[in-house]
1. What number, rounded to the nearest 500 deg cm²/dmol, is the helix-based mean residue ellipticity at 222 nm of the chain, given -39500 (n - 2.57) per DSSP H run of at least four residues and division by all its residues?
2. Just to be sure I understand, if you calculate Cα Rg over 2.2 N^0.38 Å for this structure, which of [x] 1.01; [y] 1.88; [z] 1.11 do you get?
3. Could you work out which residue, out of Val43, Val23, Val53, moves most in a Gaussian network model of the chain, that is, has the largest mean-square fluctuation with Cα springs under 10 Å?
4. If I build a Gaussian network model for the chain, linking alpha-carbon pairs within less than 10 angstrom, which residue out of Ile14, Ile55, Ile41 has the largest mean-square fluctuation?
5. Taking 35 Å as R0, compute the FRET efficiency from the Cβ-Cβ separation of Asn63 and Ala7 and round it to 0.05.
6. If I compute solvent accessible area with a 1.4 Å probe over the protein chains, what percent of it on the chain is carbon and sulfur?
7. Counting pairs of alpha carbon atoms under 8 Å apart in space and at least six apart in sequence, what relative contact order in percent does the chain give?
8. Would you kindly state how much longer the chain becomes between Thr27 and Ile41 on full extension, computed as 0.36 nm times their sequence separation minus their alpha carbon distance, in nm to one decimal?
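The values are calculated or read from the model by the stated rules, or taken from the named source; none is laboratory data. These figures come from a predicted structure and were not determined experimentally. Glycine gets a Cβ as well: all are built from the backbone with ideal geometry, and neighbour counts include every protein chain shown. What goes into the accessible areas is simple: the full protein's heavy atoms, side chains included, and nothing from ligands, DNA or RNA. Shrake-Rupley method; radii C 1.70, N 1.55, O 1.52, S 1.80 Å.
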Amino acid sequence: MVSVPEATDPLWDIDQVSAYLKVPKRTLYAWRTHKYGPQGIRVGRYVRYRRSVVIEWVDHMENDDDE
């Protein structure tokens, strides 16, 4: 797991995660309802994602493909 102090690990909004993963926002919302994809954090009525969690999830997906 990536160990990054929370103060230096920014929260990404749905647009930033969508752009990074190159998937539609609708896909991210669908993944969330199916408990798939990077874990999001609810902040009020918004969903945010820690940058390190998104990158770690991508790395994990890449490593699973290698096996």
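1. Details: 3 runs with 33 residues, N = 67.
Only helices count here, giving -15000 deg cm²/dmol.
2. [z]
3. Among Val43, Val23, Val53, the largest GNM mean-square fluctuation belongs to Val43.
4. Ile41
5. Numbers: r = 28 Å, r/R0 = 0.80.
Rounded to the nearest 0.05, the efficiency is 0.80.
6. Numbers: 2680 of 5180 Å².
Roughly 52 percent, rounded to a whole number.
7. Numbers: 53 pairs, mean separation 25.0, N = 67.
Answer for the chain is 37 percent.
8. Stretched out fully, the Thr27 to Ile41 stretch lengthens by 3.4 nm.
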